[in-house]
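Only one structure is covered here, and it is reproduced in the block below.
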Amino acid sequence: MAANPQSTRSRDGVTGAEVLTGEMLVWSDLGWIAAPLAVEVVVADIVRSRSPQRVLLAGPRAATLVKTLPESARVEILLRSIPDSRVASDAAGLHDRASLHIGGLDAYSDDKGFDLVVGLGGPTRLLGPDSTGMGETDVLSKLSALVADGGTLVADVGNELGLHELLAAQPLLDIDSNDAWHVGADGFNHRRLHLAELEAWRQDQGLTTDVLFGAYPSPDQHHLLIDGAALSAGHPDLLGAARVRSCRAVERHFQDFPVLRDPRSTVERLVDGGLVTQLAPSWLLVAHRGDVASDLTLPAVIDAETWVDPAWARVDTVDHAGGSTAVWASGNPDAEVNIGSITRDLSLQSVANGRLLEMELRDACARRSHRDIRALIRQYNSWLHDSSVWSSAMAERRSFATIDNVVIGGDAGLGIMDGSWRRAGVVAADDMLVLALRQFATRLLASAASHPWKTSTTPDDLTASLAAMVGVVVTEDVVRRVVRVQSEIASVIAPGDLTVAEMVEADLEQGELPRNLPSATATGFRELLALDRARSRRMREHDGQVAWLEGTLRHRDRYIRDLERIIERYEDTLTWKTVQAMRAPRRIATDKAVATAKSTANQVLPPDFMSKARRLARRAVK
């Protein structure tokens, strides 16, 4: 990543974008950033309610929202690189009144004001290497100053006490990556805001809050937006939806990160304790200045899928009464999508009022209660075998009745949380039980959560133990069969580089690997953290040894170079040159005499005389 200081107020020859400051060369944000599907719902509602005519989209994420705006609106798009401006220009092709600007927010100005300002990403996404350093409050104030009277501001704000910072066992920002370009730069304040500080800033700016969403699961990924104020006086179905969806959101985000405690149970407690706003990783502020044309009614929960292929992604909205609505993220008007053997139908309602079966099982494992674990698995197994539940119309949906997609709804028993999926062909109930238990065992062991089994157990061993609680015997053929089904589904829903056969072999291999902890009795995050610290200490010691060896080698290299310089200076002296000149004739004459004698002897003497003479000489010496 680099900046070009010579590009000042020039224009891109392809898109006509105005370059405000040095653009970031060999750089693209839009090449890897996912579209903020949840924020898109918010912006779409603002457009329908308040019909903005002048709109500013600041930042790469905000630029992806241009398709949500009416074609008649005057749109200004602020990005940081020329490649991104060309992508945005294609997306804004239908907007004849769209203008592109390249540079940091600090260099942008407008004296007319906008009806809608959308700024996403904070200082790290809205500024560049050539920008004047700004903190979170400075960026918000800059965006607020661009909002006209009667206009609306949509901006994300990082939380200094966010859940992601409280859970992560290591910094989420890699200081060696390009995303850390701002670390150490002058003027950048890396401290984020507290909720009270955000409220004080809003009052100073004269803004009125429409909604303050808690944005999950991280400041960079706003897949789930929750209105904490709506939850505090909301319907029980709304609380259930927020609880289940927040658990699933943080589970997928933190599955590849070392954490200090289980993120699922933590976020579940936040929902029950009414702290989803206070401890959200970031906030999405929707506020207006002055009088507005109409009030704004936004959903209480917005949940956007990003873990599946875009053709399958859906966006769910939950209103204040707990009612949910689902649409395709791609804008597809059809309710049903079919690819291969997989079909998804959004017309089917999801069950959200309850608790995930996975959370119940994890709690039972943490209590080390075999009795509670057995009771839950027996209930789940009975439900899978219930013919009244799995009628001919529902049988094909059993392939997706995994433990992380089943909720316990009190007296209502079990139900599929997301029942929109189905797969051609019916999976037997016993096979489905093994498939679901194996997935749960893999997640449980990989997260190093507490459980009553030995720590050297493998996912396949734990699957066999769990299945034995209901009298199901797990064989290698059964495991291979269910892994094949699981891999076929994954290859369609979230396709990757591996073939189905390669996915099957990789999954079977993972099932045989134990998730070993530091000692035979260690079963939790604390022990893992202690092991990580011990390894870090050893790494620091090894780094010190390597640094000492490198210093020793550099010292020896300098010593050898000094000796070489001394020899070179000695060879340049008159004494050395005189001695070499005196020795040269004698050495040359001696070498020539010896060579002549050997040549004459070889010509005069018989061919084998010299070899016989050598052997005779060796005998005489002995």
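In table form, for the structure just shown:
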{"item": "Leading residue by the ranking (farthest from the chain's Cα centre (by Cα)) among those in region 244-263 that are open to solvent by 50 Å² or more (accessible area, probe 1.4 Å) and charged (D, E, K, R)", "result": "ARG261"}
{"item": "Candidates ARG561, ARG526, ARG583, ARG537, filtered to the one that is farther than 30 Å from ASP363 by Cα and modelled with pLDDT under 70", "result": "ARG583"}
{"item": "Test: residue in region 459-475 that is surrounded by 13 or more Cβ atoms within 10 Å (Cβ to Cβ) and either charged (D, E, K, R) or modelled with pLDDT under 90 (or both)", "result": "yes"}
{"item": "Looking only at region 62-78, and only at residues there that are touching a Leu at 6+ places or on another chain (Cβ under 7 Å) and open to solvent by less than 20 Å² (accessible area, probe 1.4 Å), the one that is nearest to LEU25 (Cα to Cα)", "result": "LEU78"}
{"item": "Test for ALA91: is it touching a residue at least 24 places away in the same chain (Cβ under 8 Å), in contact with a strand residue (DSSP E or B) (Cβ under 6 Å, 6 or more places away or on another chain) and within 21 Å of LEU37 (Cα to Cα)", "result": "no"}
{"item": "Selection within region 178-188 - outside any helix (DSSP H, G or I), touching a residue at least 12 places away in the same chain (Cβ under 8 Å) and exposed (fewer than 13 other Cβ atoms within 10 Å of the Cβ)", "result": "ASP186"}
{"item": "Selection count, region 493-507, where residues are touching a Ser or Thr at 6+ places or on another chain (Cβ under 7 Å) and open to solvent by less than 40 Å² (accessible area, probe 1.4 Å)", "result": "3"}
{"item": "Criterion (modelled with pLDDT of 85 or more, under 21 Å from ARG61 (Cα atoms) and open to solvent by 20 Å² or more (accessible area, probe 1.4 Å)) met by exactly one of THR152, THR124", "result": "THR124"}
{"item": "Residue within region 414-436 that is in contact with a Lys or Arg (Cβ under 9 Å, 6 or more places away or on another chain), of a type in the set (Asp, Glu), open to solvent by less than 20 Å² (accessible area, probe 1.4 Å) and part of a helix (DSSP H, G or I) present", "result": "no"}
{"item": "Subset of region 447-458 [surrounded by fewer than 16 Cβ atoms within 10 Å (Cβ to Cβ) and modelled with pLDDT of 90 or more]", "result": "PRO452"}
{"item": "Options ARG344, ARG374: the member that is among the basic types (Lys, Arg), surrounded by 15 or more Cβ atoms within 10 Å (Cβ to Cβ), in contact (Cβ under 8 Å) with a residue 12 or more places away in the chain and in contact with a strand residue (DSSP E or B) (Cβ under 8 Å, 6 or more places away or on another chain)", "result": "ARG344"}
{"item": "Test for ASP363: is it among the acidic types (Asp, Glu) and in contact with a helix residue (DSSP H, G or I) (Cβ under 6 Å, 6 or more places away or on another chain)", "result": "no"}
{"item": "Residue that is in contact with a strand residue (DSSP E or B) (Cβ under 6 Å, 6 or more places away or on another chain) and open to solvent by 30 Å² or more (accessible area, probe 1.4 Å), where the choices are VAL318, VAL301, VAL337, VAL292", "result": "VAL292"}
{"item": "Test set (1) touching a Ser or Thr at 6+ places or on another chain (Cβ under 8 Å); (2) over 17 Å from PHE114 (Cα atoms); (3) buried (at least 19 other Cβ atoms within 10 Å of the Cβ) - ALA38 fails condition number", "result": "(1)"}
{"item": "Those residues of region 79-110 which are surrounded by fewer than 22 Cβ atoms within 10 Å (Cβ to Cβ) and part of a loop (DSSP other than H, G, I, E, B), in sequence order", "result": "GLY93, LEU94, HIS95, ASP96, ARG97, TYR108, SER109, ASP110"}
{"item": "Output for region 218-243, where each listed residue is of a type outside the set (Gly, Ala, Ser), over 15 Å from PRO299 (Cβ atoms) and over 24 Å from the mean Cα position of the chain (by Cα)", "result": "PRO236"}
{"item": "ASP272 vs. criteria free of Cβ contacts under 8 Å to residues at least 60 places away in the same chain, of a type in the set (Asp, Glu) and open to solvent by 10 Å² or more (accessible area, probe 1.4 Å)", "result": "yes"}
{"item": "Test set (1) over 30 Å from ILE373 (Cβ atoms); (2) among the polar types (S, T, N, Q); (3) open to solvent by 60 Å² or more (accessible area, probe 1.4 Å) - ASN353 fails condition number", "result": "(1)"}
{"item": "Selection from region 531-553 of residues that are of a type in the set (A, V, I, L, M), within 22 Å of GLN170 (Cα to Cα) and open to solvent by less than 100 Å² (accessible area, probe 1.4 Å)", "result": "LEU531, ALA534"}
{"item": "Long-range neighbours under 9 Å by Cβ, at least six apart or interchain, first residue closer than 18 Å to LEU120 by Cα within region 153-177, second open to solvent by 40 Å² or more (accessible area, probe 1.4 Å) and part of a strand (DSSP E or B)", "result": "LEU153/ARG289"}
{"item": "Subset tally (residues that are assigned to a helix (DSSP H, G or I) and of a type in the set (A, V, I, L, M)) for region 38-78", "result": "12"}
{"item": "Cross-chain or 6+ apart pairs with Cβ under 8 Å, region 53-72 first and among the acidic types (Asp, Glu), then open to solvent by 30 Å² or more (accessible area, probe 1.4 Å)", "result": "GLU71/LEU94; GLU71/ASP96"}
{"item": "Scope region 213-243; condition open to solvent by 30 Å² or more (accessible area, probe 1.4 Å), in contact (Cβ under 8 Å) with a residue 12 or more places away in the chain and out of contact with any Lys or Arg (no Cβ under 9 Å at 6 or more places or on another chain); matching residues", "result": "GLN221, ALA229, SER232, HIS235, PRO236, ASP237, LEU239"}
{"item": "Residue check for GLY150: at negative phi, over 17 Å from the mean Cα position of the chain (by Cα) and not basic (Lys, Arg)", "result": "no"}
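Let's see how each residue does on (1) among the hydrophobic types (A, V, I, L, M, F, W, C); (2) touching a Leu at 6+ places or on another chain (Cβ under 8 Å); (3) more than 27 Å from PHE114 (Cα to Cα):
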position: SER177; (1), (2), (3): no, no, yes
position: TRP181; (1), (2), (3): yes, no, yes
position: GLY187; (1), (2), (3): no, no, yes
position: GLU199; (1), (2), (3): no, no, no
position: LEU207; (1), (2), (3): yes, yes, no
position: VAL211; (1), (2), (3): yes, yes, no
position: ASP227; (1), (2), (3): no, yes, no
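Okay, residues lined up against (1) of a type outside the set (S, T, N, Q); (2) out of contact with any Phe, Trp or Tyr (no Cβ under 9 Å at 6 or more places or on another chain):
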residue: LEU296; (1), (2): yes, yes
residue: ARG314; (1), (2): yes, no
residue: ASP319; (1), (2): yes, yes
residue: ASN338; (1), (2): no, yes
residue: ILE342; (1), (2): yes, no
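The values are calculated or read from the model by the stated rules, or taken from the named source; none is laboratory data. Not measured: the values here are computed from a predicted model. Here Cβ is always computed from backbone atoms with ideal geometry, including for glycine, and neighbour counts include all displayed protein chains. Note: accessible area is taken over every heavy atom of the protein model, side chains too, but ligands, DNA and RNA are not part of it. Shrake-Rupley method; radii C 1.70, N 1.55, O 1.52, S 1.80 Å.
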